[in-house]
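Undergrad: Just passing along the structure, written as C-alpha cells.
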Amino acid sequence: MSPITAEEEFSKNNKLKRENIEHLREWMSKQPHLPSGVTDEQLILFLNCCQHSLEACKQTIEAYYTIRTHAPELFGSRDPKRKEIQQTLSIIEIAALPKRDQHGNIVMAGRLVDVDASKFNYDDCLRSWFMLQDVTLLEHGAVPGFVFVFDMKGTSLGHVTRMSLSSIKKYYMYIQDAFPGIVVANHMVNANSVTETFMNLSKPFMKKELVSKIFVHSSFETLHKHITRDALPKEFGGNLDSLTPYHSLFPGILSS
C-alpha cells in the first residue's frame with residue numbers, strides 16, 4: 001500500500017487551500033488536549049469531509065480525538081497479530097473493494113463467515129472495521145464518499161445480545177460526528193427479523209440524515225439499483241471476485 005501524499009491531493013482538488021491547512025494547524029497548536037504533528041494529509045481528510053468549512057472541520061477534529069481517546073475498547077489495542085483480532089478476522093470478512101461505484105465512492109463490504117454467535121465479539125468487529133477505514137483513508141485520501149454494504153445472512157439474536165448499547169452508541173457517534181470521510185449510504189442485504197431488531201436498537205443514536213442513508217434489502221436486485229454490479233463481489237451479486245481474497249489482504253496491509 002502506498003499512502004497518498006498531500007501534493008497528490010492538491011493536484012486532484014482545486015478546492016484545497018494551503019492557508020486552510022495552516023489555519024487548522026495553528027488552531028490545533030493552541031488546543032492543549034489535541035495532538036501535535038498531525039499531517040497535512042490528515043487535515044485534508046477533515047477539510048474534505050466538512051466541505052472545506054473551517055468551523056465544521058474544527059468540530060469534527062474535536063470529536064475525532066475525543067471519541068478515540070474515550071473509547072479504547074474500539075480504538076485501542078490495534079496490533080493485527082493480537083489473538084482477539086485474528087479470531088475476529090476469521091469469523092468475518094471485510095474489505096474495501098478495488099473498484100468504486102458509479103459515483104466514484106469507495107465501497108466497503110462485510111459479512112459473517114462463521115455464524116456461531118459464541119465466537120462473536122462486537123467490539124472487536126468494530127475495532128477491525130475502524131482499522132479498515134483508517135488504512136483505506138490513508139491509501140486513497142479525500143474521496144467523494146464511502147458506501148458501506150453488509151450481508152446480514154447468518155445473523156441471529158445471539159449476535160444481537162452480544163452487542164452493548166454503549167458500543168452501538170459510540171459507533172454512530174463516530175460515524176456521524178468524527179469520521180474523516182463522507183458516508184453516502186449504508187446498505188444491509190439479506191435482511192431478516194434480526195436486522196429489524198438491530199435497527200430498533202440503533203435508531204435512538206442516529207440522526208435523521210443518517211437514517212435517510214440506510215437501505216435495507218431482502219434481495220440483491222434492489223441493491224443493484226444503488227450500486228453497479230462492477231463494484232460488488234460475487235457474494236453480493238456483483239461482477240468482482242469473491243470477497244475472500246480481498247479480505248485476506250487486510251492483515252498484511254495492517255502489518256505494513
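The values are calculated or read from the model by the stated rules, or taken from the named source; none is laboratory data. All of these numbers come straight from a predicted model, not from anything done at the bench. Reconstructed Cβ throughout: ideal geometry from the backbone, glycine too, with neighbour counts over all protein chains shown.
Undergrad: Can you pull out every residue in the range 17-54 that is surrounded by 10 or more Cβ atoms within 10 Å (Cβ to Cβ) and either in contact (Cβ under 8 Å) with a residue 60 or more places away in the chain or of a type in the set (Asp, Glu) (or both)?
TA: GLU22, ASP40, GLU41, GLN42, ILE44, LEU45, PHE46, LEU47, ASN48, CYS49
Undergrad: Within the group LYS17, LYS58, LYS12, LYS30, which residue is at pLDDT below 95 and outside the structural domain of THR136 (by TED's automatic domain parsing)?
TA: LYS12 is the lone residue from the list that is at pLDDT below 95 and outside the structural domain of THR136 (by TED's automatic domain parsing).
Undergrad: Looking at PHE250, PHE198, PHE205, PHE215, which is the one that is touching a Phe, Trp or Tyr at 6+ places or on another chain (Cβ under 8 Å) and not assigned by TED's automatic domain parsing to the domain that holds GLU41?
TA: Checking each option against the conditions leaves just PHE205.
Undergrad: Among the candidates ILE106, ILE85, single out the residue that is in the same structural domain as VAL160 (by TED's automatic domain parsing) and in contact with a Phe, Trp or Tyr (Cβ under 6 Å, 6 or more places away or on another chain).
TA: Exactly one of ILE106, ILE85 is in the same structural domain as VAL160 (by TED's automatic domain parsing) and in contact with a Phe, Trp or Tyr (Cβ under 6 Å, 6 or more places away or on another chain), namely ILE106.
Undergrad: Quick check: is even one residue across the range 193-211 touching a residue at least 24 places away in the same chain (Cβ under 8 Å) and under 20 Å from GLN102 (Cβ atoms)?
TA: no
Undergrad: Consider the range 196-221. How many of its residues are in contact with a strand residue (DSSP E or B) (Cβ under 9 Å, 6 or more places away or on another chain) and part of a loop (DSSP other than H, G, I, E, B)?
TA: 5
Undergrad: Output the residue which, of all residues in the range 59-106 that are surrounded by fewer than 20 Cβ atoms within 10 Å (Cβ to Cβ) and of a type in the set (Gly, Ala, Ser), is nearest to HIS226 (Cα to Cα).
TA: GLY104
Undergrad: Which of the residues spanning the range 168-195 are among the hydroxyl-bearing types (Ser, Thr, Tyr) and either in a loop (DSSP other than H, G, I, E, B) or within 29 Å of LEU47 (Cβ to Cβ) (or both)?
TA: If the condition is that a residue be among the hydroxyl-bearing types (Ser, Thr, Tyr) and either in a loop (DSSP other than H, G, I, E, B) or within 29 Å of LEU47 (Cβ to Cβ) (or both), then TYR171, TYR172, TYR174 are the ones that fit.
Undergrad: Filter the range 226-247 down to the residues that are touching a helix residue (DSSP H, G or I) at 6+ places or on another chain (Cβ under 9 Å) and small (Gly, Ala, Ser), then identify the one that is nearest to MET152 (Cα to Cα).
TA: Within the range 226-247, the match that is nearest to MET152 (Cα to Cα) is GLY237.
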